[in-house]
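The values are calculated or read from the model by the stated rules, or taken from the named source; none is laboratory data. Please read these numbers as outputs of a predicted model, since none were measured by experiment. So basically every Cβ, Gly included, is an ideal-geometry build from the backbone, and we count neighbours across all protein chains shown.
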Amino acid sequence: MPKIDEAKKFLENIGMPKAQQSDICALSLLAMAGIKPNDEWKDASNEWIRIHDIIAFVNKYYKTTYAENSRETFRKQAMHRFRTAALIEDNGMATNSPNYRYRITEETLKVLRAIDSPYDEKAVKRFLLYHEKLVDMYASKRKMTMMPVKINGADFQFSAGKHNELQKAIIEEFAPRFAPNAECLYVGDTIAKDLVKNVDKLKDLGFEITLHDKMPDIVLYREDTNWIYFVESVTSVGPMDPKRILEISEMTKNVSAGKIFVTAFLDFATYKKFADSLAWETEVWIADMPDHMIHLNGDRFMGPR
């Protein structure tokens, strides 16, 4: 039986839904286990791997032709479902980090290594016996890595990662110092994209929001001064450069509130990497030095331009 069919059979045996017994799911499993067409299942492994590596593996060894732009399909159809079923785990990094990885869990690996062996059925039965407990265990593991944050007086959870660590600092450290009494109208999460999104208030202020718009990471509104803060949380990409200012300006061309553009960094070293690309007439805040701001022009300090 071809390896892809064996992988599909495994997914069926452990009770995965029909949609997760597809070619793309079977191939993802084979790539994550490092199993080539002529390999034996007893040699399966569970090295940390990126979706890019999965695509490269199946294209090379299973003669598929998946393009790089199919990564989101792999993520949604296979990786998210596998993780929910506790077949795989991630390394807890931000999903937009180049270091984000997945791997097969140790429990799943034991069952895979038993395929085509005298212990095959016994291994599956044992896995299924504990499967619900495994799902609970890995769900709890992910829950433990969540970061609590209070937004507009309500409790939320950020997924783990440096990007969200910085966003938490912006809300809890930057806002009270430099945007006192501001309301958070928008904040994204690396997994739950629109964690907070006050569409009604944004539209009242004049925002034009479409599916194609990339919102700033955080939008704060200070009613007493009628100032609106657009804050980008930068750990690896996305500072307030001239192109980004134009994009936000187009999205907010009907906003009459004073606009303040802020780039936030975790530390000074990261700021230095982006210093030469930052736009004039913008502000910089560094979480390591929360009481201070860098104003990219000397004519005046914090305020709308």
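Below, the figures for the structure above:
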quantity: Number of the condition not met by F230 [criteria: (1) in contact with a helix residue (DSSP H, G or I) (Cβ under 9 Å, 6 or more places away or on another chain); (2) at pLDDT below 95; (3) at negative phi]; calculated: (2)
quantity: Subset of the range 252-269 (residues that are surrounded by fewer than 20 Cβ atoms within 10 Å (Cβ to Cβ) and without any contact (Cβ under 8 Å) to a residue 60 or more places away in the chain); calculated: K253, N254, V255, S256, A257, G258, K259, D267, F268, A269
quantity: Top-ranked residue in the range 50-76 [being closer than 29 Å to F127 by Cα and over 16 Å from the mean Cα position of the chain (by Cα); ranked as surrounded by the fewest Cβ atoms within 10 Å (Cβ to Cβ)]; calculated: D53
quantity: Residue in the range 28-49 that is in contact with a Cys (Cβ under 8 Å, 6 or more places away or on another chain), within 22 Å of R83 (Cβ to Cβ) and either surrounded by 15 or more Cβ atoms within 10 Å (Cβ to Cβ) or free of Cβ contacts under 8 Å to residues at least 40 places away in the same chain (or both) present; calculated: no
quantity: Residue that is farthest from T235 (Cα to Cα), among those in the range 76-105 that are small (G, A, S) and modelled with pLDDT under 85; calculated: G92
quantity: Those strands (runs of 3 or more DSSP E) lying entirely in the range 245-305 with at least 1 residues under 18 Å from I218 (Cα atoms) and modelled with pLDDT of 95 or more; calculated: 258-265, 283-286
quantity: Candidates T108, T64, T73 - the one that is in a loop (DSSP other than H, G, I, E, B), modelled with pLDDT of 90 or more and hydroxyl-bearing (S, T, Y); calculated: T64
quantity: Count - residues of the range 215-244 that are under 20 Å from the mean Cα position of the chain (by Cα) and not in a strand (DSSP E or B); calculated: 8
quantity: Pair list, Cβ < 6 Å and 6+ apart or interchain, from the range 229-245 residues that are under 15 Å from W285 (Cα atoms) to residues that are part of a helix (DSSP H, G or I) and aromatic (F, W, Y); calculated: P239/F274
quantity: Extreme residue, nearest to S159 (Cα to Cα), among residues of the range 111-145 that are basic (K, R), at pLDDT 75 or above and surrounded by fewer than 16 Cβ atoms within 10 Å (Cβ to Cβ); calculated: R126
